[in-house]
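Reviewing the structure listed below.
Read-outs throughout are calculated quantities, based only on the coordinates presented, and are distinct from any laboratory measurement. Bear in mind the structure is a predicted one, so any value in this text is a computation, not a measurement. Virtual Cβ from ideal backbone geometry, glycine too; neighbours counted across all protein chains shown.
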Amino acid sequence: MRYDLIIRGGTLVTHRETYRADVAVLGDRIAKIGDLSSDEGTQEIDAEHLLVFPGLIDSQVHFREPGLTHKEDIETGTKSALLGGVTTVLEMPNTDPTTTTPKALADKVERAQGRAWCDIGFFFGATTDNAHTLSEAENLPGTPGIKMFVGSSTGSLLVGEDEGIRLVLQNGKKRVAIHSEDEARNAARKIEFAEKAAGNVRWHPTIRDAESARLATERVIRLSEETGRAVHILHISTRDELPVLADAKGRGLRVTCEVTPQHLWFCAPEDYDRLGSRIQQNPPVRSKEHRDALWFALETGLFDVFGSDHAPHTIEEKGKPYPGSPSGMPGVQTMLPVLMTYVAQGRLPVTEVARMACRNPARLYDMNDRGKVAEGFLADLTLVDARASRVVTPDILASRCGWSPWENETLTGWPVAVIKSGVLAAADGETIGTPVGGIPIFS
């Protein structure tokens, strides 16, 4: 039979195993997997010595459009994602204006048309004012559901008290993504340490301390249990939260959680001394004791998802004296190479990359046509050379901000070709043709 595309001789990576097979694509779907030596493709790719992943799904990015497009926009952000092997992103609501109304969501969906290099969905932001509308909002076209900031936000997007959190969780059925820090504690400690911390980003993990994260995560889980609502707690950064999460999972509560590549890579204080506010983010990069605990939790299966928390700012903004320097760093383009470096180091099974960056994000957010290399699934595929080593330099980065905290680091394991909806959309670090991204269907 003749197919539109055949990928020959690659090693397919699933969330359970790896195996050699050919992959045939017809239209935007995977049509057949197996020995296709007797079949032909209009286009063929030799994947000998390459890993074939499902297109990665990054379920936490901030692309800054509208309102903050000097940092990033939908086009540059999705281009960064695609070049990093990511074929679907879920974008956060803290733009200007915030994505807290149907009109604001529809505006983002419209902005993505013809400009997105990968598929993109937009979280709807929870506030105490819109909580009563969230049952309807979570089902609007273009959104995977609700994002709630229990900490690290300002204005209406901050839902920091039990009453507001409970109200949000009572309105709707889909899993709620949550930024979990205790904002009242953070604010008090910012005042307490203001004089000592002025101009010294080393104090960031002291001000936004581990107890802030533990208190908030404990509160979210308690209210999740009370309301019966599924929650997904983002960017876990402390050893203090891990027993709370393990207990919740052990009791069968509807709790899942994410870890980021940067919380597994960087640590305080030495990396703050080396990189300054480039690694300043919320929740903070913390000490080796916390990083080691995160690794142990990863190795024992506590975490469900890898997310980049791609949150770019200009290098000029990051250069402001602390605490005037904004929190957040770019990461969507480097997420896969960082994870593959952990694979090369023997610290992470390659199947865990597929489980936590492909299969689980699709499952958690009801994207039932992606996240697996399987017949009938969307032909989003990322071909990776696990042996390729490259130094991260600004010239390979597509983000508008133009920098990375991994600059000058050698990462091993890079995407060499990305198939988006059956189309070869990127190869050898360059995009091909015009943007082919769209809006996922969240069933």
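When segment 419-443 is filtered for residues that are part of a strand (DSSP E or B), small (Gly, Ala, Ser) and over 21 Å from the mean Cα position of the chain (by Cα), only ALA427 remains. Of note, ASP385 does not satisfy the criterion of being in contact (Cβ under 8 Å) with a residue 24 or more places away in the chain and under 25 Å from GLU138 (Cα atoms).
Evaluated against (1) crowded, with 22+ Cβ neighbours inside 10 Å; (2) out of contact with any His (no Cβ under 6 Å at 6 or more places or on another chain); (3) among the β-branched types (Val, Ile, Thr); (4) closer than 26 Å to VAL231 by Cα, THR300 falls short on exactly one condition, (1).
Kindly indicate which of GLY77, GLY142, GLY114, GLY121 is in a strand (DSSP E or B) and not polar (S, T, N, Q).
GLY121
Picking from residues in segment 237-290 that are basic (Lys, Arg) and crowded, with 22+ Cβ neighbours inside 10 Å, the one that is farthest from GLU316 (Cα to Cα) is ARG286.
Just one of VAL384, VAL416 is outside any loop (DSSP other than H, G, I, E, B) and crowded, with 22+ Cβ neighbours inside 10 Å; which is it? Only one candidate passes the filter, namely VAL384. Right, ASP366: charged (D, E, K, R), under 28 Å from ALA21 (Cα atoms) and in contact (Cβ under 8 Å) with a residue 12 or more places away in the chain or not? So ASP366 fits the description; yes.
The numbered conditions (1) touching a helix residue (DSSP H, G or I) at 6+ places or on another chain (Cβ under 6 Å); (2) without any contact (Cβ under 8 Å) to a residue 12 or more places away in the chain are all true for PHE193 except (2).
For GLU44, indicate whether it is among the acidic types (Asp, Glu) and outside any strand (DSSP E or B). Walk me through how you get there before you give the answer.
Details: among the acidic types (Asp, Glu): yes; outside any strand (DSSP E or B): no.
Taking the combined requirement at face value, the residue does not satisfy it.
Scanning segment 241-272 for residues that are within 21 Å of LYS288 (Cβ to Cβ), outside any helix (DSSP H, G or I) and without any contact (Cβ under 8 Å) to a residue 40 or more places away in the chain returns a single hit, CYS267. Scanning segment 9-27 for residues that are crowded, with 18+ Cβ neighbours inside 10 Å and charged (D, E, K, R) yields a total of 1.
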